[in-house]
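Quick notes on the structure that follows.
The values are calculated or read from the model by the stated rules, or taken from the named source; none is laboratory data. Computed from a prediction, not measured in an experiment: that's the story for all the values here. Glycine gets a Cβ as well: all are built from the backbone with ideal geometry, and neighbour counts include every protein chain shown. The area values use the complete protein model at the heavy-atom level, side chains included, leaving out ligands, DNA and RNA. Shrake-Rupley method; radii C 1.70, N 1.55, O 1.52, S 1.80 Å.
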Amino acid sequence: MHLRLIRHATLRLELGGCHVIVDPMLDAAGARPAVEGTENDRRNPLVELPEPAEVVVAGLDAALVTHLHQDHFDAAAAKLLPKDLRLFCQPEDVERLSGHGFGDLRPVGEHVDWEGIGITRVPARHGSGADAEALAPVSGFVLRDTDGRTLYLAGDTVLYEGVEQTLAAHRPDVVVVNTSGARFAGGQPIVMTARDVVAVARLAPAARIVAVHLEAINHCIETRADLHQLLHEEDLTERVTVPENGAAVPVDQPPARAPAP
């Protein structure tokens, strides 16, 4: 199992020899306006990809799209991904993705198997109250590779009972959390905060936690520096990785276990 952060929530995974891109946001920096209803007008994405988009999509066997907000699947992705690429998604997103010309859509209602890899759809909640309703549907996914190791992509979600239940039921080896405390003006977080990342690490003490979804979209409030500081204070720097854009994450190495209380 190999994992590399491209930018924001875009990942390149290698599972059982298969190369998968997750949530491809491939637009050039500044290609889109600020997210509507947020507290600044910085154009998105805030930063460039670490390499040309054509390189990012080279050599893929499949794509996995957790939901269709523009910071997870954008116009450049719709243009650059091969139209015959296997594309795993929520059932609710099939019609829109088909409209982009993709012909090998694999909706995941509950679970599918592909090339010895198990893909299970799990709950996610993109905020609270009216925000969560407006931003639905969103999903998390648990991937089990050919060696039996599991990777939990929490997706765009706050920390709530659905996430806690997924951690307890699947006991993942690696957990990727979308953090930054993103929010609309005057609102509550619509993804996890730094404090939530700490809570996930406590809930999954044997897992490597990978924190992404930082410093690339204008409504993402918390920074990598904020998260690093809290992880240092909580003695979690050996268990939680906060990768820079373009960086590979050593997910094959078990994390240092938290000291016994």
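Tabulated results
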| read-out | value |
| --- | --- |
| Hz values of 3J(HN,Hα) by residue in the stretch 164-181 - Karplus curve (6.51, -1.76, 1.60), Gly and Pro given as x | 4, 5, 5, 4, 5, 6, 9, 6, x, 7, 9, 10, 9, 10, 8, 10, 3, x |
| The stretch 151-234: radius of gyration over Cα atoms, expressed as a fraction of 2.2 N^0.38 Å | 1.04 |
| For the stretch 20-136, projected area of the alpha-carbon convex hull averaged over all directions, nm² | 8.2 nm² |
| Probe 1.4 Å - accessible area at Leu80, Å² to nearest ten | 50 Å² |
| Ellipsoid semi-axes in whole angstrom, largest first, where each is sqrt(5λ) of the Cα gyration tensor of the chain | 25, 23, 18 |
| Heavy-atom accessible area ranking, 1.4 Å probe, most first, across His126, His228 | His228, His126 |
| Rg/Rg_ref, the stretch 71-156, where Rg_ref = 2.2 N^0.38 Å and atoms are Cα | 1.17 |
| Positive-end residue of Ala211, Met192, Val35, charge dipole of the chain with Cβ unit charges | Ala211 |
| Farthest toward positive dipole pole in the chain [+1 Lys/Arg, -1 Asp/Glu at C-beta], among Leu13, Thr179, Phe88 | Leu13 |
| Solvent exposure, largest accessible area first (probe 1.4 Å, DNA, RNA and ligands not counted), of Val55, Val200 | Val55, Val200 |
| Portion, in percent, of the accessible area of the chain that falls on carbon or sulfur, probe 1.4 Å | 48 percent |
| Along each principal axis, Cα extent of the stretch 109-208, largest first, Å | 45, 29, 18 |
| Cβ charges +1 (Lys, Arg) and -1 (Asp, Glu), total dipole of the chain, debye | 180 debye |
| Measure of compaction for the stretch 194-251 (Cα Rg per 2.2 N^0.38 Å) | 1.09 |
